[in-house]
Amino acid sequence: VIFFPYRKFFDDSLPPELQSRMVSNILGVLSHIVEKQIVKLEIISNRSLRGRILAYLYSMAARRGSVSFRICMNREELACFLGVNRSALSHELSKMRADGLVSFNKNQFTLLNQEEIPPVRPPFHCHFNEGEEDGLREASR
């Protein structure tokens, strides 16, 4: 929930350019928050744990523009984001490694068999830079 004094944006003492810019900036921030929530819903809407993991990893690969990437969440945080317990996440990641879908070392992941990855993409073009999946982590709380 975001509270802000909206009447100040329509104060006649402010120049119209400033009012316009402030409204534009607020809408930009709100749209970014909504995009992160939509991405999270797309990921956690998968029924299987493997589907959730693959959807998350695929979205991170798409944002990074590479099949090899580093995530900024540890296993506990990733499990919380995906709505599962850490041991189930670790077990499924191990099975995915054995199945040749992914390789990983700590928070560094490489997608190996891209034909197996479901085409789950964010519905909007999200502009995430290195480390911005922290916003996704915040969206899970």
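The values are calculated or read from the model by the stated rules, or taken from the named source; none is laboratory data. Fair warning: this is a prediction, and the values are worked out from it, not measured in the lab. Neighbour counts are summed over all protein chains in view; Cβ atoms, including those assigned to glycine, are modelled from backbone coordinates with ideal geometry. Surface areas here come from the heavy atoms of the whole protein model, side chains and all, with no ligands, DNA or RNA. Shrake-Rupley method; radii C 1.70, N 1.55, O 1.52, S 1.80 Å.
The set of residues in segment 79-89 being in contact with a helix residue (DSSP H, G or I) (Cβ under 7 Å, 6 or more places away or on another chain) and open to solvent by 70 Å² or more (accessible area, probe 1.4 Å) consists of Asn85, Arg86. Looking at Glu76, Glu92, which is the one that is open to solvent by 50 Å² or more (accessible area, probe 1.4 Å), assigned to a helix (DSSP H, G or I) and either modelled with pLDDT of 95 or more or among the polar types (S, T, N, Q) (or both)? The unique qualifying residue is Glu76. When Ile2 is tested against the conditions (1) open to solvent by 80 Å² or more (accessible area, probe 1.4 Å); (2) part of a helix (DSSP H, G or I); (3) among the β-branched types (Val, Ile, Thr), the lone failure is (2). Just checking, does segment 110-130 include any residue being at pLDDT below 90, under 11 Å from the mean Cα position of the chain (by Cα) and either of a type in the set (A, V, I, L, M, F, W, C) or not in a loop (DSSP other than H, G, I, E, B) (or both)? Scanning segment 110-130 turns up at least one residue that is at pLDDT below 90, under 11 Å from the mean Cα position of the chain (by Cα) and either of a type in the set (A, V, I, L, M, F, W, C) or not in a loop (DSSP other than H, G, I, E, B) (or both). Within the bounds of segment 96-103, is there any residue that is part of a helix (DSSP H, G or I) and either of a type in the set (Asp, Glu) or open to solvent by less than 60 Å² (accessible area, probe 1.4 Å) (or both)? Within segment 96-103 (the criterion being part of a helix (DSSP H, G or I) and either of a type in the set (Asp, Glu) or open to solvent by less than 60 Å² (accessible area, probe 1.4 Å) (or both)), the answer is yes, since at least one residue qualifies. Mind checking whether some residue in segment 24-42 is surrounded by 13 or more Cβ atoms within 10 Å (Cβ to Cβ) and over 30 Å from Phe4 (Cα atoms)? For segment 24-42, residues surrounded by 13 or more Cβ atoms within 10 Å (Cβ to Cβ) and over 30 Å from Phe4 (Cα atoms): absent.
Residues checked against (1) on the phi > 0 side of the Ramachandran plot; (2) in contact with a Gly (Cβ under 6 Å, 6 or more places away or on another chain):
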residue: Ile44; (1), (2): no, yes
residue: Tyr56; (1), (2): no, no
residue: Glu76; (1), (2): no, no
residue: Arg86; (1), (2): no, no
residue: Met96; (1), (2): no, no
residue: Lys106; (1), (2): yes, no
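Given Ser20, Ser59, which one is touching a residue at least 12 places away in the same chain (Cβ under 8 Å), in a helix (DSSP H, G or I) and either open to solvent by less than 40 Å² (accessible area, probe 1.4 Å) or among the polar types (S, T, N, Q) (or both)? Only one candidate qualifies: Ser59.
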